[in-house]
Amino acid sequence: ALSDCELPLAAARLEEQRVKALEQRIEADLASGRSSELVGELESLVAEHPLREPFRAQLMLALYRAGRQAEALDSYRAARATLLDELGIEPSPRLQQLEQAILRQDDSLAAAAERTLTATALFLDLGIQGEVEAVAGRAFALATEELSATAERVERGLADAVLAVFTDADHAVEAAIRTRDRLTAELGDAVQPRVGLATAELTLADRVEGVAAVLAARRVREAKPGEVVAGERTAAAARAHSFTHRGDCYVATA
């Protein structure tokens, strides 16, 4: 059991993990082009954590991409005033560089343009057990980190879901297995991940849309806890991996 002295430290570590997971999830959402809908959430997070610069930078970027350049610059000025008043320091070089990029409307700040392609969609159901927010945050952070290594796009879905897009079917299967294994290794019985994979046409814009995403979501419903289940097209394209045929789907074995 934790001592009275250790309890506050443990609580602080859990809170830091929760906040880090939020930062990573919002970063993925921004990369997916979901700027306008993030503004309200980020404004609340900045109010709750006024000295935490990553949330401020994300808010500035979300505002800018939503066509609200003046408000993005106002947010920087508010951050600078808070840091000077509370800590007597200037904003970090990263935040200063972001302000300058917004002032000159740098092309690097723009969200990715819409495009259509044939790709493999990965639908991950984390299967979080219970309502422990720290576990959920950690699970999303781990999944995002693993999938982002090779995915074209990663975004958080409804409830316990994560959607990722891969241009290579073998990379999708490998990422699915790697993510499942890491989740179960680090979180144990707190999660029961299942993965569905499908290869078809997708559109990458503010959100991932298309046949592949729909089919991958259907495949995950056919998966048992711990399984990676693919459609016929994905199984045929993922030549570096082995599958067991079951009904109209294929279960990855290696």
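The values are calculated or read from the model by the stated rules, or taken from the named source; none is laboratory data. Every value quoted in this text rests on a predicted model; they were computed, and no experiment measured them. In this analysis, Cβ positions are derived from the backbone assuming ideal geometry, glycine residues included, and neighbour counts consider all displayed protein chains.
Would you mind stating whether D168 is surrounded by fewer than 19 Cβ atoms within 10 Å (Cβ to Cβ), within 20 Å of the chain's Cα centre (by Cα) and touching a residue at least 40 places away in the same chain (Cβ under 8 Å)? So D168 fits the description; yes.
Examine region 89-97 for a residue that is in contact (Cβ under 8 Å) with a residue 24 or more places away in the chain and surrounded by fewer than 17 Cβ atoms within 10 Å (Cβ to Cβ), and state whether such a residue exists.
Yes, there is a match, as at least one residue in region 89-97 is in contact (Cβ under 8 Å) with a residue 24 or more places away in the chain and surrounded by fewer than 17 Cβ atoms within 10 Å (Cβ to Cβ).
Filtering region 16-55 to residues that are within 17 Å of T144 (Cβ to Cβ) and among the polar types (S, T, N, Q) leaves Q17, Q24, S32. Residues in region 171-203 that are more than 26 Å from E232 (Cβ to Cβ), among the hydrophobic types (A, V, I, L, M, F, W, C) and touching a residue at least 60 places away in the same chain (Cβ under 8 Å): A190, V191. The set of residues from region 184-206 being within 19 Å of the chain's Cα centre (by Cα) and closer than 21 Å to A169 by Cβ comprises P193, R194, V195, G196, L197, L202, T203, L204.
Every residue, every condition in (1) of a type in the set (A, V, I, L, M); (2) touching a strand residue (DSSP E or B) at 6+ places or on another chain (Cβ under 9 Å), yes or no:
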residue	(1), (2)
G188	no, no
Q192	no, yes
L197	yes, yes
L204	yes, yes
R221	no, yes
E227	no, yes
A230	yes, yes
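Against the definition (surrounded by fewer than 18 Cβ atoms within 10 Å (Cβ to Cβ) and within 18 Å of H241 (Cβ to Cβ)), how does R178 come out, yes or no? Explain how you work it out, then say what you get.
On the way: surrounded by fewer than 18 Cβ atoms within 10 Å (Cβ to Cβ): yes; within 18 Å of H241 (Cβ to Cβ): yes.
Yes; evaluated as a whole, the condition is true for this residue.
Of the strands (runs of 3 or more DSSP E) lying entirely inside region 148-243, those containing at least 3 residues that are at pLDDT 95 or above and closer than 19 Å to I128 by Cα are 194-204.
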